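Here's the structure, in structure tokens; my notes come after.
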Amino acid sequence: MSKLPLTALLLLLAACGPAAFEAGLPPGELRAEANGITVTAGNFRVERLHFVADICFERPSVADWLLGDQTLLTYGTESVRVREMGLLDPTTEIDSPTRCDAVRFPVGTDEIIEFQLVIPFLQTSYPTHDCATAQARLDEAHSGIEISCYSEVLENGGMGGYRIEAKPDNLPDEEANAWIYQAFVDRVDGSWIFEGIVE
């Protein structure tokens with residue numbers, strides 16, 4: 001069986017798959033759009049048993065937006081969630097309308113990988129506790145959860161958090177905390193899907 005060059009294969013996958021390859025993008029870089037947000041992915045590589053990709057997206061607002069923690073890599077019969085992500089250039093991207101991260105997935109192999117990369121949503125980082133907004137979201141979802149927020153001044157700074165004041169008896173603490181976490185963050189749903197191969 002003949003083997004296509006990497007660039008040709010990426011072009012073929014882009015033409016047939018959900019990520020749209022456009023003229024003007026660097027070779028091997030893919031672009032996908034969902035919910036009015038454009039995400040690009042490229043520089044796919046394997047380093048020290050980790051699949052790595054450089055991913056950039058338009059920030060939906062001036063808030064600190066991140067790739068969702070459910071970002072998933074599928075290769076062969078294996079699927080793994082993102083383990084690490086970090087700004088490609090922290091010195092220039094603080095006020096940029098675009099965020100670019102190097103994203104790492106543990107794959108346990110250095111062999112050629114055909115992959116599908118799915119970003120189901122973008123979300124804001126965990127903010128200073130805004131109890132009123134979070135409680136309104138919990139009420140709107142009919143969660144039955146009531147919270148209060150606190151802040152404490154300590155010798156070396158301060159800290160804040162929330163307390164669960166009420167929740168349904170049959171709702172485990174872990175699920176209640178998951179509800180509360182989502183109430184404190186903003187989110188834009190995708191999905192943004194990329195398919196390709198890395199050698």
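Ordering 101-111, 167-177 by mean Cβ neighbour count within 10 Å, with the highest value first, yields 101-111, 167-177. In this rough spin-label picture, where each label sits 7 Å from Cα along the Cβ direction, the ARG83-ALA141 distance is 2.9 nm.
With a/c under 1.5 counting as rounded, go ahead and sort the stretch 131-184 into rounded, prolate or oblate using the C-alpha gyration tensor (a ≥ b ≥ c being the square roots of the eigenvalues; past the cut-off, prolate if a/b is larger than b/c, else oblate). Prolate, because a/c is 1.5 or more and a/b exceeds b/c. Remark: the stretch 131-184 carries a charge dipole of roughly 140 debye about the Cα centre, counting +1 on each Lys and Arg Cβ and -1 on each Asp and Glu Cβ.
Computed from the coordinates by the stated procedures, all read-outs in this text should not be read as laboratory data. Keep in mind that what you see is a predicted model, and the values were worked out from it rather than measured. Note that we place each Cβ from the backbone using ideal geometry, even for glycine, and neighbour counts take in every protein chain shown.
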